[in-house]
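Visitor: Sharing a structure below in structure tokens format, with a few things to ask.
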């Protein structure tokens, strides 16, 4: 039986796995819960791989310091686009905070791209939900590059600058796919999100 780590392994191409799945498994397996899960994992992986390379970006934090994506070589980047006035953004902050606290800080940079005009408007939300990471000012170029016109939007970018997770492309509004990717990528056991 396939397992999540094998289905997401870089050792075998996703197209090879999809062909193997289609040609090898009987209909009873394909229609089972496990079969449907395996197909979902493979399709999600194909979407991720088709996303391509993450665009380079430059933005300013709320003190005016310029931050570039190239500052984070050899690190994963978890980038969240949101605002304090966005109810769905605020609703997901507790789950996101629970996931982030278990990540290896030496391997992952967490960036919040904030649509608020002033940092003070976001400070209360930041403190209430313990949003640890870099807080950058949103700008039209950054939003456009990351297709983040609508919020919330969330990406995980790997060390090779490949988009490993795109919430909108994966329709992951409960963040369960992100949780699975983080658990597998960083060998986290148990629940990361409550």
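Visitor: Taking 25 Å as R0, compute the FRET efficiency from the Cβ-Cβ separation of residue 107 and residue 43 and round it to 0.05.
Guide: Plugging the Cβ-Cβ distance into 1/(1 + (r/R0)^6) gives 0.40.
Visitor: Calculate for the chain the 222 nm mean residue ellipticity that helices alone would give, adding -39,500 (n - 2.57) per DSSP H run of length 4 or more and normalising by residue count, nearest 500 deg cm²/dmol.
Guide: That calculation yields -12000 deg cm²/dmol at 222 nm.
Visitor: Express in nm, to one decimal, how much length is gained between residue 150 and residue 12 on full extension, taking 0.36 nm for each residue of separation and deducting their alpha carbon distance.
Guide: Computed gain between residue 150 and residue 12 is 46.2 nm.
Visitor: Between residue 160 and residue 98, with labels modelled 7 Å along Cα→Cβ, what's the label distance in nm to one decimal, could you check?
Guide: Modelled inter-label distance: 3.2 nm.
Visitor: Report, to the nearest 10°, how far helix 176-185 tilts away from the longest principal axis of the Cα atoms in the chain, using its own Cα long axis and a range of 0 to 90°.
Guide: Helix 176-185 and the main axis of the chain meet at about 80 degrees.
Visitor: What is the spin-label model distance, in nm, from residue 61 to residue 29 if the labels are put 7 Å beyond Cα along the C-beta direction?
Guide: Result for the modelled spin labels: 5.1 nm.
Visitor: I've got another one for you. For region 58-185, what's the relative contact order in percent, using C-alpha pairs closer than 8 Å and at least 6 residues apart?
Guide: Working: 181 pairs, mean separation 39.4, N = 128.
Once divided by the residue count of region 58-185, the mean separation gives 31 percent.
Visitor: Let me ask something additional. Helix 14-24 against the longest principal axis of the chain: what's the angle in degrees, Cα atoms only, rounded to the nearest 10?
Guide: Between the helix axis and the principal axis of the chain, the angle is about 30 degrees.
Visitor: Ok, one more. If each residue of separation counts as 0.36 nm, what is the full-extension length gain between residue 75 and residue 53 once their alpha-carbon separation is subtracted?
Guide: 6.5 nm
Visitor: Using a basic spin-label model with each label point 7 Å from the Cα along Cα→Cβ, how many nm lie between residue 128 and residue 173?
Guide: Label at residue 128, label at residue 173, 2.2 nm between them.
Visitor: For 108, 14, which order do you get if you count the other beta carbons within 10 Å of each Cβ and list the fewest first? Don't skip to the answer; put the middle values down first.
Guide: Working: 108 18, 14 21.
So the residues, fewest neighbours to most, are 108, 14.
Visitor: Another question, then. On a C-alpha basis, how far is the centre of region 121-164 from the centre of region 68-92 in Å? Whole number, if you could?
Guide: Taking the Cα centre of region 68-92 as reference, the centre of region 121-164 is 2 Å away.
Visitor: Compute the length gained on full extension between residue 140 and residue 188: take 0.36 nm times their separation in residues and subtract their Cα-Cα distance, giving the result in nm to one decimal. Please report the intermediate quantities before stating the final value.
Guide: Values: separation 48, 0.36 × 48 = 17.28 nm, distance 3.54 nm.
Taking residue 140 through residue 188 to full extension adds about 13.7 nm, to one decimal.
A short reminder: the numbers here are calculations on the coordinates, not readings from a lab. From a predicted model like this one, the values you see are computed outputs, not experimental measurements. All Cβ positions, even for glycine, are placed from backbone atoms using ideal geometry, and neighbour counts span all protein chains on display.
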